[in-house]
Amino acid sequence: TKHNDDVTTICVSPNKTWCASGQKDPKDEPGKGKDLPKVYVWNYTNMKQVALMDDVCWGKISRVQWSKKTNLLYCLCGDDDQTLKAWDPKDFGPKKKVETLIKQPTMRELIYGFEINENPAAENTDEFILFGKRKFAYCYITKSGKGLAAKIKAVSVVSLKKDGDKAYNCAQFLSDGNYAVGSSSGAIYIAKGNEALAILESAHDKAVGSMLMANDKLLTAGSDRKFKTFKVGKCEKGKSTGLEQDWECSVEVKESDVVMLPRAMAYNSSEGTVFCGTKTNQIVQFEMKSEDAKVIVDGHDGQIWALATSPNETLFATGGYDNAVKVWDAKTQKCIATYEFEKDDDNPKGHQFCSGHWSNKGDMLVFGTEQSNLAVFVWRNKELKFVSVINIPPKTDDAEIEAVSYLRFNNDASLLAAAHMDSNLYIYTITKAESEAPEFEQWAPMNHIAA
């Protein structure tokens, strides 16, 4: 595609070999004026552009999703009003300007996503559930002249749970027209339209992160590391959700650092295979029959700016803006070790790694951060062990905290050089290099400026 900044959302058409993707607000190119977030539609079989919706909104494109019934493409914008927009694929063309069918503010509370009903009521063009921080809402779409109109109604759960929930993470329409909503407390709500009908407390021990229909059952994934299925029966208002649990499985992925915080799922009905995307940027493949699980996609949660290769093994290490360092096997393309730092009051955002190096002996690694720190590790017996963090303080009390931009060990790993964005080069003598806790002593300043 021709995106010119981070891709924030993506979805596949249920009716064509098309994919839609949205992005964040790019920086304006000099002399070319304002450039707002855009949505591209492209054919994933040949990677050719199908359509471009340019200058969609401020901020970013939060979500895009196709309607299976109408084939309309809906977009949730990342502006203050979280504006809802839609386009008709009949108007698509590589060089055509696609008219927006609707421009409707939605909710002020942060929206995490939306779920479209495959079988909306006959009087509606489409129906969907908006879910997010502290509330969820029912939305129905109708025709209005040459465009569309939306009616959005927040759903009150006070009659079921006085204080409600802090977050509503997922939703799924059921065959009877009701829908289920998973919450941060582990409860599942059943509702219809803008009316909450019943609640199943403690459906999961922790947050319900994702749900979908697996044939005729509701499949849920929770932060308690469990998959569960529920038979869907008749809901009785204020009494019973109609959900009856008939299976559960605790997910364990051997020889992996996976943290089961589900955010999305897909289900292969012919094979009984579940693909679960987690908050830690991994995809787990789970076989419901054998209850086996494995990681098929792994990665960092944030940007990656630090990379170091092993001098004597087919390994490489990465440091990201996500407070984590990972070691990878280049042959299998799998992550084999992870160290994630604890966040605290002194460092609430965690470490943002931007440089790194692996010693020539292959047993020591160091990573530099945007916060002027050096994180030291040893790598022995296939184990990544954290040693220490070395802070490089600002040159003066008024100086800004700047990044460690470049790192190099010497040949025998007795010295480490750190090039810093404060225009200084810092050199350390390394002692006890063969131990589990190598020590670093900074050289005294020299009487000349390092270039």
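The values are calculated or read from the model by the stated rules, or taken from the named source; none is laboratory data. These numbers come from a predicted model, not from an experiment. Using ideal geometry, Cβ is built from the backbone for each residue, glycine included, and neighbour counts are taken over all protein chains shown. Surface areas here come from the heavy atoms of the whole protein model, side chains and all, with no ligands, DNA or RNA. Shrake-Rupley method; radii C 1.70, N 1.55, O 1.52, S 1.80 Å.
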- Among residues of the range 396-446 being assigned to a loop (DSSP other than H, G, I, E, B) and in contact with a His (Cβ under 8 Å, 6 or more places away or on another chain), the residue most open to solvent (accessible area, probe 1.4 Å) is GLU402
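Please return the ranges of strands (runs of 3 or more DSSP E) entirely within the range 174-271 where 1 or more residues are under 23 Å from LYS294 (Cβ atoms).
Ranges flagged: 208-214, 217-222, 226-232, 243-250, 262-268.
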- Item | Number of the condition not met by LEU365 [criteria: (1) at negative phi; (2) free of Cβ contacts under 8 Å to residues at least 60 places away in the same chain; (3) open to solvent by 30 Å² or more (accessible area, probe 1.4 Å)] | (3)
- Which one is nearest to GLY193 (Cα to Cα), of the residues in the range 211-252 that are of a type in the set (Asp, Glu) and loosely packed, with under 15 Cβ neighbours inside 10 Å? GLU236
- Residue by residue through the range 273-325, note down the ones that are open to solvent by less than 20 Å² (accessible area, probe 1.4 Å), in a strand (DSSP E or B) and within 21 Å of GLY362 (Cα to Cα). ALA306, ALA308, LEU315, ALA317, THR318, GLY319, GLY320, ALA324, VAL325
- Task: Could you grab me the full set of residues in the range 392-417 that are farther than 21 Å from GLN371 by Cα and among the polar types (S, T, N, Q)?
- Result: ASN410, ASN411, SER414
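Name the residues in the range 39-50 that are crowded, with 21+ Cβ neighbours inside 10 Å and over 15 Å from GLN23 (Cα atoms), would you?
none
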- Task: May I ask you to say which residue of VAL64, VAL12 is within 20 Å of the chain's Cα centre (by Cα), open to solvent by 40 Å² or more (accessible area, probe 1.4 Å) and β-branched (Val, Ile, Thr)?
- Result: VAL12
- Item | the range 326-341, residues that are closer than 15 Å to THR280 by Cα and outside any strand (DSSP E or B) | PHE341
- Query: Just checking, which of ASN117, ASN124 is of a type outside the set (Asp, Glu), in contact (Cβ under 8 Å) with a residue 60 or more places away in the chain, under 19 Å from ALA86 (Cα atoms) and touching a Phe, Trp or Tyr at 6+ places or on another chain (Cβ under 6 Å)?
  - Reply: ASN117
- Task: Report whether or not LYS135 is within 22 Å of SER240 (Cα to Cα), under 26 Å from the mean Cα position of the chain (by Cα) and among the basic types (Lys, Arg).
- Result: yes
- Task: Just need a number here: residues in the range 26-37 that are open to solvent by less than 50 Å² (accessible area, probe 1.4 Å) and modelled with pLDDT under 90.
- Result: 4
